[in-house]
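Each remark here refers to the structure printed beneath this line.
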Amino acid sequence: MGVDGASMSEARRPAAETSSAYPPMTAHSYNVRICHWINFVSCVYLLWSGVHIFLDFPELYWGHTGYRGFPAAFRLADWGLSWEEAGALGDRRWGRNYHFTAAWVFLINGLVYVVWNLYSSHFRNRMWPARNERTVAHVRAELRDHLRWRSRGHTANGYGTLQKTSYLILIFVFVPLMILTGIAQSPGFTAAMPALLDMFGGRQTARTLHTIGTLALVLFVLVHVLEVAAAGFFVKVRSMITGK
């Protein structure tokens, strides 16, 4: 009876009083939020400037050699946009200047993010899947819910198993490869590190892989935005701004 009475009394309390017993949970640290938005701005500039660079030279090749008239792996002209039309839309000088500037911002910001979160154990505590999350049954159930547009990301640390895995692969595998394929296109870097050209089989191959990686990253961002929308777009964006 005492328990029931207490429950009834709790139910009669004003909403403001009962909600105060549950303070907002800290979702993201200052480091994560600051690095996230710097990364967002730098990636926008990288993509936009990269498009300008590509439009000025709208063909992709494999190997060490590539020029207009050489057999290409991909030509924008095959999709209805001629070399001249693409060149009129692109600005290689503007693109290169902003691309390299944004790349340095992205690289420095990324290093700060990784070092700080390794030091603070953020990766281990919040992004490394727990033992019970690494089972086939758990991954299958989470994948099924994702395909049904039901996010399972509302865990204590805010990330689902698929999210954790994709973020770790993105940070420690995909981004380093994008950086390497980027600098492999620079004659200055390859003069100091000629092994980069051997690693990718030529400067033109590195450029093609860099372009393919850019498309893959755009696809990842689109899926990421859809995941945010499924979990509550405004709540998730607000948490990345306020941390709560």
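The values are calculated or read from the model by the stated rules, or taken from the named source; none is laboratory data. Being a predicted model, the structure only gives us computed values, none of them experimental. With ideal geometry, Cβ positions are generated from the backbone for all residues, glycine too; neighbour counts draw on all protein chains shown. Just so you know, the surface numbers come from the protein's heavy atoms only, side chains and all, with ligands and any DNA or RNA stripped out. Shrake-Rupley method; radii C 1.70, N 1.55, O 1.52, S 1.80 Å.
Observations on the structure shown:
- Here the condition is being among the aliphatic types (A, V, I, L, M), closer than 24 Å to HIS99 by Cα and in contact (Cβ under 8 Å) with a residue 24 or more places away in the chain; of ILE183, ILE171, it holds for ILE171 alone.
- Across segment 112-150, the qualifying residues are those that are on the phi < 0 side of the Ramachandran plot and among the small types (Gly, Ala, Ser), and the one among them that is least open to solvent (accessible area, probe 1.4 Å) is ALA141.
- Selection count where residues are over 13 Å from ARG207 (Cα atoms) and either among the small types (Gly, Ala, Ser) or surrounded by fewer than 17 Cβ atoms within 10 Å (Cβ to Cβ) (or both), scope segment 52-66: 0
- Checking the stated criteria, ARG96 turns out to be of a type in the set (Lys, Arg) and surrounded by 12 or more Cβ atoms within 10 Å (Cβ to Cβ).
- Within segment 152-171, none of the residues are at pLDDT 95 or above and open to solvent by less than 60 Å² (accessible area, probe 1.4 Å).
- Output for segment 199-244, where each listed residue is among the charged types (D, E, K, R) and modelled with pLDDT of 90 or more: ARG203, ARG207
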